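Enquirer: There's a structure below that I have some questions on.
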Amino acid sequence: MKREKTRQVKIGKILIGGQNRVLIQSMCKHKTSNWEEVVEEINECAKLGADLMRVSVLDEEDAVSIKEIKKHISIPLVADIHFDGRLALLAIENGVDKIRLNPGNIKDESVIKKIVLAAKENRVAIRVGANSGSVNSEVEALPLSLAEKLLLSVKKQIDILEKYDFYNIVVSLKASNVKETISAYRLASKSLPYPLHIGLTEAGPKDISLVRSVAGLAPLLLEGIGDTIRISITGDARDEVRAAKRLLHDCGLYDNYPTLISCPTCGRTQVDVRPLGAKIFSYLEENNIPLAVAVMGCVVNGPGEAKNADIGIAGGKGQYVIFKKGVAIKKVSEEEAYDTMIREIESLR
Ligand code: SF4
């Protein structure tokens, strides 16, 4: 898929923007100074596919913990800092790879200058961004749409960094509203050269966030907009990573992932297909097996409906039928179903 061309920004060992893959990120839910919990959370997310993780830096203890965290993780780390510029300097000193900053809420210009110079010297990227809740106060009063206000707010932040010849910038413009988010990113992609971090802010608990995030982000991704993605969920960071990966895969932007197909089941289903499907799907997902696998309720319509799958299983009466590309190849009992499917899946890897 053709992606919008942006500058390429280096974050630790990875690259954001240009024509690089859309990167997956999430944010730790623990306090950063509890570094052992943070390390565990980051490593679990990385195993699931997170390319980079962000931590909040509220105080010196958090900033100093970055050094310890970095020793135990293998993906780049982003520090989220507001108001207190000294914490940004401390985070850079402790080895952070990228900073999420709003230069507009750091009042002392000399501190901003120090942060930018330190970021340059240590090759640290900076993400600037406006959220619907943090539009610049001068911009707020203007007769503009929220999307235009977000863009103008972020441009003011970019101006501050560019003033010191800093261009290692990633940009976000997050609204909690789907239409405003889409408009804001479309505007940004037309007028800014920097890679875009896309997401909706305050997207809600899992079920609500998933629908809202897909509604807001899929149109952008399909238009080639977005260089890194976060799906915000009031809940587990691992669910954010799983959701981002599924969305990217369904948009044709992430190959190394299974395509999971299953029918909704109906009155024709005569075996307990749902737990079997859940087990097979977790196996495929946890092992990143890039096959299309179908789990269908019955043999009447199952193989036909799933003929695009590499391999599938359909429920019969007290037994299952396993099929490849829509053609039945063997019958198995309910007890044998899971193990046989895994063997067949493994034989295709
Ligand atoms: S594949 Fe069979 S069980 Fe599943 S919805 Fe279709 S008819 Fe019902």
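Enquirer: Considering region 48-69 alone, what residues qualify as being open to solvent by less than 20 Å² (accessible area, probe 1.4 Å) and either at pLDDT below 95 or closer than 17 Å to L90 by Cβ (or both)?
Expert: The first filter runs over region 48-69 and keeps only residues open to solvent by less than 20 Å² (accessible area, probe 1.4 Å), leaving 49-50, 52-55, 57, 62-63, 65-66, 69.
Hits for region 48-69 are G49, R54, V55, V57, D62, A63, S65, I66, I69.
Enquirer: Does L173 qualify as being of a type in the set (A, V, I, L, M), in the same structural domain as R127 (by TED's automatic domain parsing) and open to solvent by 10 Å² or more (accessible area, probe 1.4 Å)?
Expert: Answer is no for this residue.
Enquirer: Further question on the same structure: Which ones in region 257-276 are within 20 Å of K307 (Cα to Cα) and part of a loop (DSSP other than H, G, I, E, B)?
Expert: If the condition is that a residue be within 20 Å of K307 (Cα to Cα) and part of a loop (DSSP other than H, G, I, E, B), then Y257, P258, C263, P264, T265, C266, R268, T269 are the ones that fit.
Enquirer: Of all residues in region 1-36, count the ones that are within 29 Å of T234 (Cβ to Cβ), out of contact with any strand residue (DSSP E or B) (no Cβ under 6 Å at 6 or more places or on another chain) and free of Cβ contacts under 8 Å to residues at least 60 places away in the same chain.
Expert: Residues in region 1-36 being within 29 Å of T234 (Cβ to Cβ), out of contact with any strand residue (DSSP E or B) (no Cβ under 6 Å at 6 or more places or on another chain) and free of Cβ contacts under 8 Å to residues at least 60 places away in the same chain: 6 in total.
Enquirer: Tally up the residues in region 193-203 that are in contact (Cβ under 8 Å) with a residue 40 or more places away in the chain, crowded, with 18+ Cβ neighbours inside 10 Å, part of a loop (DSSP other than H, G, I, E, B) and of a type outside the set (S, T, N, Q), please.
Expert: We begin by selecting, within region 193-203, every residue in contact (Cβ under 8 Å) with a residue 40 or more places away in the chain; these are 193-197, 201-202.
Retained after the next criterion (residues that are crowded, with 18+ Cβ neighbours inside 10 Å): 194-197, 201.
Add one more test, that the residue is part of a loop (DSSP other than H, G, I, E, B), and what stays is 194-195, 201.
If we keep only those that are of a type outside the set (S, T, N, Q) as well, we get 194-195.
Selection size over region 193-203: 2.
Enquirer: Here is a follow-up. Taking P303 as meeting all but one of (1) open to solvent by less than 30 Å² (accessible area, probe 1.4 Å); (2) within 16 Å of the ligand (Cβ to nearest atom); (3) in a loop (DSSP other than H, G, I, E, B), write down the number of the exception.
Expert: Single failed check for P303: (3).
Enquirer: Separate question: Restrict the check to region 330-338 and report whether at least one residue is on the phi > 0 side of the Ramachandran plot and open to solvent by less than 30 Å² (accessible area, probe 1.4 Å).
Expert: Within region 330-338, the first condition is being on the phi > 0 side of the Ramachandran plot, and the residues that meet it are none.
No, that holds for no residue.
Enquirer: Moving to a separate point now. Taking region 139-155, which residues are touching a Lys or Arg at 6+ places or on another chain (Cβ under 9 Å), open to solvent by 60 Å² or more (accessible area, probe 1.4 Å) and either assigned to a loop (DSSP other than H, G, I, E, B) or in contact (Cβ under 8 Å) with a residue 12 or more places away in the chain (or both)? First the steps, then the outcome.
Expert: Residues of region 139-155 that are touching a Lys or Arg at 6+ places or on another chain (Cβ under 9 Å), as a first pass: 139-140, 142, 147, 150.
In the following step, the residues that additionally are open to solvent by 60 Å² or more (accessible area, probe 1.4 Å) were identified as 140, 142.
Matches in region 139-155: L142 only.
Enquirer: Among what's in region 70-86 and is touching an Asp or Glu at 6+ places or on another chain (Cβ under 9 Å) and in a helix (DSSP H, G or I), pick the residue that is most open to solvent (accessible area, probe 1.4 Å).
Expert: My answer is R86.
Enquirer: Scan region 227-272 for residues that are among the acidic types (D, E), open to solvent by 40 Å² or more (accessible area, probe 1.4 Å) and in contact (Cβ under 8 Å) with a residue 40 or more places away in the chain and jot them down. Write out each step before concluding.
Expert: First, pick out the residues of region 227-272 that are among the acidic types (D, E): 227, 236, 239-240, 250, 255, 272.
Within this subset, residues satisfying the condition of being open to solvent by 40 Å² or more (accessible area, probe 1.4 Å) are 236, 250, 255, 272.
Within region 227-272, D236, D272 qualify.
Enquirer: Answer yes or no as to whether L248 is within 16 Å of the ligand (Cβ to nearest atom) and either touching a helix residue (DSSP H, G or I) at 6+ places or on another chain (Cβ under 9 Å) or within 18 Å of E4 (Cβ to Cβ) (or both). If you could, list the steps in order and put the result at the bottom.
Expert: Details: within 16 Å of the ligand (Cβ to nearest atom): no; either touching a helix residue (DSSP H, G or I) at 6+ places or on another chain (Cβ under 9 Å) or within 18 Å of E4 (Cβ to Cβ) (or both): yes.
The answer is no for L248.
Enquirer: Quick check on my filter: what residues within region 314-337 are closer than 19 Å to I261 by Cα and part of a strand (DSSP E or B)? I'd like the intermediate steps shown before the answer.
Expert: Residues of region 314-337 that are closer than 19 Å to I261 by Cα, as a first pass: 314-316, 320-329, 337.
Once the filter is applied, which keeps residues that are closer than 19 Å to I261 by Cα and part of a strand (DSSP E or B), region 314-337 yields A314, G315, Y320, V321, I322, F323, K324, V327, A328, I329.
Enquirer: Let me ask another. Inspect region 106-129 for any residue being open to solvent by 60 Å² or more (accessible area, probe 1.4 Å), at positive phi and free of Cβ contacts under 8 Å to residues at least 24 places away in the same chain and give the result as yes or no.
Expert: Scanning region 106-129 turns up no residue that is open to solvent by 60 Å² or more (accessible area, probe 1.4 Å), at positive phi and free of Cβ contacts under 8 Å to residues at least 24 places away in the same chain.
Enquirer: Among I313, I289, I280, which is open to solvent by less than 50 Å² (accessible area, probe 1.4 Å) and either touching an Asp or Glu at 6+ places or on another chain (Cβ under 8 Å) or within 12 Å of the ligand (Cβ to nearest atom) (or both)?
Expert: Of I313, I289, I280, the one residue that is open to solvent by less than 50 Å² (accessible area, probe 1.4 Å) and either touching an Asp or Glu at 6+ places or on another chain (Cβ under 8 Å) or within 12 Å of the ligand (Cβ to nearest atom) (or both) is I313.
Enquirer: Quick one: K279 ticks every box in (1) under 25 Å from A243 (Cα atoms); (2) part of a strand (DSSP E or B) except a single one, so which number is it?
Expert: Only one criterion is unmet by K279, namely (2).
Enquirer: Within region 170-186, is there a residue that is part of a helix (DSSP H, G or I), hydroxyl-bearing (S, T, Y) and more than 24 Å from the chain's Cα centre (by Cα)?
Expert: Quick first cut of region 170-186, residues part of a helix (DSSP H, G or I) only: 178-186.
Checking which are hydroxyl-bearing (S, T, Y) leaves us with 181, 183, 185.
Those still in the list that are more than 24 Å from the chain's Cα centre (by Cα) too: none.
Among the residues of region 170-186, not one is part of a helix (DSSP H, G or I), hydroxyl-bearing (S, T, Y) and more than 24 Å from the chain's Cα centre (by Cα), which makes the answer no.
Enquirer: Could we say that I208 is over 25 Å from V171 (Cβ atoms), more than 16 Å from the ligand (Cβ to nearest atom), assigned to a helix (DSSP H, G or I) and at pLDDT below 95 here? Steps first, please.
Expert: Numbers: over 25 Å from V171 (Cβ atoms): yes; more than 16 Å from the ligand (Cβ to nearest atom): yes; assigned to a helix (DSSP H, G or I): yes; at pLDDT below 95: yes.
Judged against the criteria, I208 is a match.
The values are calculated or read from the model by the stated rules, or taken from the named source; none is laboratory data. Since the model is a prediction, treat every value here as computed from it, not as a measurement. As a convention, Cβ positions derive from the backbone with ideal geometry for all residues, glycine included, and neighbour counts pool all protein chains shown. The protein model used for the area step is the full one, side chains on, heavy atoms only, and it has no ligands, DNA or RNA in it. Shrake-Rupley method; radii C 1.70, N 1.55, O 1.52, S 1.80 Å.
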